[in-house]
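Participant: Pasting a structure below so you can have a look.
What follows is calculated from the coordinates using simple rules that are stated; it is not laboratory data. None of these values were measured; they are calculated from a predicted model. Neighbour counts run over all protein chains shown; Cβ positions are idealised from the backbone, glycine included.
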Amino acid sequence: MKNSSQLIATRRPNWHLAHGRVALSGPVVLFDLDGVLADAGHRQHFLHLAEPNWEGFYGGVSADAPLQNGLALLDAIRPDLPVVILTARIDDIAQTTIEWLKQHGVRWDMLVCRPPADSDESTMAVDYKRLEVRALLDAGITPVLAIDDNRKIVAMYEEFGIVGAYVPSGYYDNSARYDGGV
Ligand SMILES: [Mg+2]
């Protein structure tokens with residue numbers, strides 16, 4: 001019989017379990033995607049406009065090269081620890097993202113994108129991720145380590161007592177935006 005945490009884990013529309021997985025619970029590692037596993041450098045210019053061009057930004061995700069440093073880090077994670085990819089990408093491109101992960105042989109167990117009703121304009125990436133961490137914990141999914149290229153998000157993980165590891169992408173260094181990207 002499924003326990004309640006498994007039921008919660010499978011019913012959130014923006015939580016995408018990897019093929020063959022029916023549930024997820026217990027310790028996991030969280031990985032950000034853009035700037036950690038995916039090289040979104042060629043799309044950052046779409047955000048550095050008076051009005052960010054989100055269509056342009058998200059339209060280019062399939063062309064991202066994998067980031068070898070991030071993949072090396074992921075490969076170093078204990079193989080029995082599931083990997084949850086927690087990205088601020090919109091849920092509309094979840095399937096495109098899943099195809100990218102498959103194409104580049106990235107190990108993952110669950111992908112979490114922004115819920116369909118949410119947007120970068122309404123919720124800062126750090127606040128969206130904080131809500132998702134609470135939901136993960138409520139569902140019995142307990143991150144033991146979290147990797148991100150946004151220092152504010154790394155600090156947010158520490159609010160929960162989760163060890164946050166910062167990977168520099170450079171996307172935030174010259175950005176006038178509050179968080180520079182996703
Ligand atoms: Mg990022």
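Participant: Go ahead and set up a Gaussian network model of the chain, Cα springs under 10 Å, then flag whichever of Glu121, Glu158, Glu99 fluctuates most.
Facilitator: With Cα springs under 10 Å in the chain, the top fluctuation among Glu121, Glu158, Glu99 is at Glu121.
Participant: Please report, in whole Å³, the volume per residue of the convex hull around the C-alpha atoms of the chain.
Facilitator: Spelled out: Cα convex hull of the chain, divided by residues, is 109 Å³.
Participant: Another question, then. In a GNM of the chain with a 10 Å cut-off on Cα contacts, which of Ala40, Ala72, Ala139 has the highest mean-square fluctuation?
Facilitator: Residue with maximal mean-square fluctuation among Ala40, Ala72, Ala139: Ala72.
Participant: Rounding to the nearest 10 and keeping the result within 0 to 90°, find how far the Cα-based axis of helix 125-138 lies from the longest principal axis of the chain.
Facilitator: Relative to the chain, helix 125-138 is tipped by roughly 0 degrees.
Participant: Once amide H atoms are placed 1.01 Å from N in the peptide plane, what residues at a sequence separation of 5 or more from Asp149, or on another chain, have their amide H within under 5 Å of its amide H?
Facilitator: Correct list: Val167.
Participant: Simple spin-label model, 7 Å along Cα-to-Cβ: Val22 to His42 in nm?
Facilitator: In this crude label model, Val22 to His42 measures out at 4.1 nm.
Participant: Extension gain Trp54-Leu131, at 0.36 nm per residue separation less the Cα-Cα distance, in nm?
Facilitator: Full extension from Trp54 to Leu131 adds 25.5 nm.
Participant: Among Val29, Val133, Val106, determine the one that fluctuates most according to a GNM of the chain built with springs between C-alpha atoms less than 10 Å apart.
Facilitator: Checking each option, the largest mean-square fluctuation is seen for Val106.
Participant: Okay, moving on. Hey, can you rank 59-66, 31-38 by average C-beta count inside 10 Å, highest first?
Facilitator: So the peptides 59-66, 31-38, ranked by packing, come out 31-38, 59-66.
Participant: Rounded to the nearest 10 degrees, what's the angle between the helix 94-103 long axis and the longest principal axis of the chain, both from Cα atoms, 0 to 90?
Facilitator: Computed tilt is about 90 degrees.
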